[in-house]
Amino acid sequence: MKLNEIDKIELTYLQLDDYLALKDVMVSAYVSMPDAYWTEQHISTLLKKFSEGQAVIKVNGKLAGCALSIIVDYNQFENNHTYRQITADYSFNSHNDDGDVLYGIDVFIKPEYRGLRLGRRLYDYRKELCEKLNLRGIAFGGRIPNYHKYSKNLSPKEYIEKVRRKEIHDPVLNFQISNDFHPSKILKGYLEGDEASNEFAVLLEWDNIYYEKPVKKATTKKKVIRLGLIQWQMRPYENVENLMRQAEYFIDAVSGYRSDFALFPEFFNAPLMAKNNHLSEPNAIRELAKHTNEIIERFSGLAISYNINIISGSMPEIKDNKLYNVGYLCKRDGSVERYEKIHVTPDEAKVWGMQGGNELKVFDTDCGKIGILVCYDAEFPELSRLLADEGMDILFVPFLTDTQNGYSRIRNCAQARAIENECYVAIAGSVGNLPNVHNMDIQFAQSMVFTPCDFAFPSNGIKAEATPNTEMILIADVDIDLLRELHEFGSVRNLKDRRKDLFELRKK
């Protein structure tokens, strides 16, 4: 394109609506690797994880180039890594909001727009972003696409030296060096299928001279998280006041041990249905639903006063005249978020007419990202995998089971979720019996905290376990940094080693 044909050049954030145009640019930019373009799912994941790091150049309203980036904890990779490793097997789970280096995933310009120095604009944006976020620098693996012409006579190191001395022209490497990036290392086997570079790349770095190392000070972001699980005894309660008095007793107990979370079981408020036992089961549980708002308001106040995040188990709730099984995360900062049971059991549907929910999300807390699945949902591995793909570190499962075989389904599935998603899983249930409440007469539970099975964790994958069928609290510490190490250096890496070339998992 000629300069006199340009009316407007715009640098802006990448949007998912740009994908078709983006794909066209990628295909034209990588003619030597025609299958090297990112899928729409890849781009969607990047935008969800770090939208500010994805920038595009538009010329006269048409997409002309793009720069994709993530933030990484560079100490986890140091100087030896591959493209697959730095992107966590193209899942971008290596992105860490608390990392210290902006890592360039990709930069490309459509051939017809080359020569306009658009790439420099994208690199300048990365530098400005790096300074804005107070990161210590930028790094990426730079291809050397002309190296195959000299590979028989020159080592990669010799080739780079000749490029730096202008004895050999390499348009990619020359451009990067001219933009203040300095080669620091040769990366062997960096990008699979990059035959032009013989799969070699140059680790290029740019140092942020304005970087200020964070000082040690009080922070709300924790690495070792203390979980307080409440194994609730089902007993008669005359009213909400009496129920909440018992709930506050347990919250006081777990907060006294400085727990970060208090987890209640599914339908822990079921004893309130006793006074409506003369009604049909569908009508009785709908009467119970009338107490949900009051209980959540009380929980939110307790979360603030006891400085603890409370996971309310679950309760019936009527929305648009439909009955759902829902719960609330009451954070200690005063905010409240809602979650839904996606899969209701055949009994819940048949006896109560309960509907399955539709919302699945990861919750950001002062202790990292958590997921919450209610009872039966833990038996569907797709749900927890979707949460893991969004960065979940701890999965909480409030449950209610009447028999030991029902409990075993929850227990065994929850432990499987911890292993396959490389996360912690905490389950809490109720014990005892309610002879005066139809469809809720007996309960069986053993609350537990599960871990992955690797050297840094218990060999049996069990961090802590309560006494079966006994009212009690269970306190356990979980270390988030151990998960980070497992993701990259574990004996097996369930998240990274998935065969995404054969299958994919996504939300509708």
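For segment 353-392, residues that are touching a residue at least 60 places away in the same chain (Cβ under 8 Å), in contact with a helix residue (DSSP H, G or I) (Cβ under 7 Å, 6 or more places away or on another chain) and surrounded by 23 or more Cβ atoms within 10 Å (Cβ to Cβ) total 2.
When restricted to residues that are modelled with pLDDT of 80 or more, assigned to a loop (DSSP other than H, G, I, E, B) and in contact with a strand residue (DSSP E or B) (Cβ under 7 Å, 6 or more places away or on another chain), segment 185-210 contains 4. Residues of segment 268-293 that are part of a helix (DSSP H, G or I), polar (S, T, N, Q) and at pLDDT below 90: ASN276 alone.
Scanning segment 322-346 for residues that are of a type outside the set (Phe, Trp, Tyr) and part of a strand (DSSP E or B) yields LYS322, LEU323, ASN325, VAL326, GLY327, LEU329, CYS330, VAL336, GLU337, ARG338, GLU340. If you take the residues in segment 128-144 that are under 18 Å from SER184 (Cα atoms) and not in a strand (DSSP E or B), which one is nearest to the chain's Cα centre (by Cα)? The extreme case among them is ARG136.
The set of residues in segment 126-153 being crowded, with 18+ Cβ neighbours inside 10 Å, of a type in the set (Lys, Arg) and farther than 21 Å from ASP97 by Cα consists of ARG143 alone. Only one of ARG332, ARG338, ARG298, ARG286 is under 15 Å from PHE396 (Cβ atoms) and not aliphatic (A, V, I, L, M). Can you tell me which? None of the others qualify; the one that does is ARG338. Looking at segment 1-112, none of the helices (runs of 4 or more DSSP H) lying wholly inside it contains 1 or more residues that are among the β-branched types (Val, Ile, Thr), out of contact with any Phe, Trp or Tyr (no Cβ under 7 Å at 6 or more places or on another chain) and modelled with pLDDT of 90 or more.
The rows are residues; the columns are (1) farther than 25 Å from TYR30 by Cβ; (2) in contact with a strand residue (DSSP E or B) (Cβ under 6 Å, 6 or more places away or on another chain); (3) in contact (Cβ under 8 Å) with a residue 12 or more places away in the chain.
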site: LEU118; (1), (2), (3): no, yes, yes
site: LEU129; (1), (2), (3): no, no, yes
site: LEU135; (1), (2), (3): yes, yes, yes
site: GLY142; (1), (2), (3): no, yes, yes
site: LYS149; (1), (2), (3): no, no, no
site: SER155; (1), (2), (3): yes, no, no
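The values are calculated or read from the model by the stated rules, or taken from the named source; none is laboratory data. All figures in this text were calculated on a predicted structure; none of them were measured in a lab. A quick note on method: Cβ atoms are made from the backbone with ideal geometry, for glycine too, and the neighbour counts reach across all protein chains shown.
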